[in-house]
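Here the structure is laid out as structure tokens; the discussion comes afterwards.
The values are calculated or read from the model by the stated rules, or taken from the named source; none is laboratory data. The model shown is predicted, which means the values in this text are computed figures rather than measured ones. Every residue, glycine among them, receives a Cβ derived from its backbone with ideal geometry; neighbour counts consider all protein chains shown.
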Amino acid sequence: MYQFSEQSQAFQAQLQQFMEQYIYPNEASFEHQLANASNRFAPVPIVEELKAKAKAQGLWNLFVPPSHGEYADFGGLSNFDYAPLAEMMGRVAWSAEVFNCNAPDTGNMEVFMKYGTQAQKDRWLRPLLAGEIRSAYAMTEPQVASSDATNVELSIEADGDEWVLNGRKWFITGAMYEKTEIFIVMGKSDPNNPSRHLQQSQVLVPKGTAGLHIIRPLTTLGYDDAPHGHAELRFDNCRVPKENILLGEGRGFEISQGRLGPGRMHHCMRLIGAAQRALEITCQRVTQRATFGRQLAEHQSVREAIADCFIDIETSRLLVLKACHKMDEVGAKNARDMIAAAKVGVPRTIQNVLDKCMQMHGAGGLTADYFLADAFNYARWCRQADGPDQVHQMALGKQLIKQFG
């Protein structure tokens, strides 16, 4: 039986109390403030207010791993010990930012921790850790199949003491947010290199840099994911200093692989939290409605659906915990089989769980009166984000055949 550390258990109790005292009671306030904002991509006041409370209680930067414990007052939690905390945050879609644990900033902060120079850390990592600014990670492009990261075409060319960027990006999470100040951009700096994995570099482009254009916000299943949003970007002779490169020329693919492992698990953890809450409110719902002379809860099909949801959530949770444990033991690179299995299995399974819960809520399940449709949208786009299902299935299948074939 798995056992979380005493530190993790203490944070779980503290976080649960914070959720009950401040997050759940303010869900309506968040929706009201967002709906009535003059700019949907501006900071939401209740989130900013709750950030101060979370930071004062030490519920801040909980995602920071032990390897970078110097950036967390409490020394850093393992992936395994962080999992139940991220799950709790996933019960309310916007709450992760309250604790400075939201995507894509957690992954971007880890990029700076792992690969940034001291000057880059001082300028960008410190304010990100403080929650003063936000960030975006620009990899996906509209004109190529970006599931193969070596396909990216945005050009990064050297010109004197500058890099010049030209190209397009889209579905860039956080790009619309007013607080976003830095973009990590992946492109090709050496397109003729015989190794397809050494052609890419990643450079830092500050917001407001000449030639960086935010073209439009994008939606997923009709949701704009405000206030962070997903955007299409264009780079027209966008110039940044040579020192804005991360790690070194030709190491962009290496950075992208190092960034995505923990982030993939964070999404899975939050999805499990959303599904667990969906199951709980569905159990309440079916005791409050009746059809054909009986409570919904008395129908066999309803009981079977609820049982299936419970089984799927529990198996998903165990898969994530096993993946996290392996990451902690042998590192993300050597745990790529379990990471791939969770990355494919959890969003797909949780999508089905949420679908069942929506069905048991009737027409209401499709509306914004409940969080279910928004959570379903999250699960669905997670099957594309950080690599689509098929890429992970292909890699995992290849690995398994090599191991057992």
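The table for this structure:
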item	result
Residue check for D236: outside any helix (DSSP H, G or I), among the charged types (D, E, K, R) and either buried (at least 20 other Cβ atoms within 10 Å of the Cβ) or in contact with a Leu (Cβ under 6 Å, 6 or more places away or on another chain) (or both)	no
Scan of the range 107-136 for residues that are among the hydroxyl-bearing types (S, T, Y) and surrounded by fewer than 24 Cβ atoms within 10 Å (Cβ to Cβ), ordered by number	Y115, T117
Residue among E87, E27, E70 that is surrounded by fewer than 22 Cβ atoms within 10 Å (Cβ to Cβ), closer than 17 Å to G273 by Cα and of a type outside the set (F, W, Y)	E27
Matching residues in the range 299-313 - criterion: being over 20 Å from the mean Cα position of the chain (by Cα) and either within 16 Å of H267 (Cα to Cα) or of a type outside the set (D, E) (or both)	H299, Q300, S301, V302, R303, A305, I306, A307, C309, F310, I311
Residue within the range 299-320 that is over 29 Å from Y223 (Cβ atoms), among the hydroxyl-bearing types (S, T, Y) and not assigned by TED's automatic domain parsing to the domain that holds A149 present	yes
Residues (in a helix (DSSP H, G or I), closer than 22 Å to E132 by Cα and among the polar types (S, T, N, Q)) located in the range 47-70	none
Residue satisfying condition, being touching a helix residue (DSSP H, G or I) at 6+ places or on another chain (Cβ under 8 Å) and under 23 Å from E254 (Cβ atoms), within set G387, G331, G365	G387
Unique match (being modelled with pLDDT of 95 or more and within 20 Å of the chain's Cα centre (by Cα)) among P43, P65, P25	P43
Filter pass, S67 being among the hydroxyl-bearing types (S, T, Y) and touching a Cys at 6+ places or on another chain (Cβ under 9 Å)	no
Those residues of the range 271-312 which are in contact with a Gly (Cβ under 9 Å, 6 or more places away or on another chain) and under 11 Å from I350 (Cβ atoms), in sequence order	L271, I272, G273, A274, A275, Q276
Condition check for A373: more than 21 Å from A93 (Cα to Cα), assigned to a helix (DSSP H, G or I), of a type in the set (G, A, S) and not assigned by TED's automatic domain parsing to the domain that holds M89	no
Any hit, the range 204-216, residues being in the same structural domain as T173 (by TED's automatic domain parsing) and more than 30 Å from W94 (Cβ to Cβ)	yes
Hits in the range 217-233 (condition: of a type outside the set (F, W, Y), surrounded by fewer than 22 Cβ atoms within 10 Å (Cβ to Cβ) and on the phi < 0 side of the Ramachandran plot)	P217, L218, T219, T220, D224, A226, E232
Conditions (1) among the aliphatic types (A, V, I, L, M); (2) at pLDDT 95 or above; (3) crowded, with 18+ Cβ neighbours inside 10 Å: number failed by A158	(3)
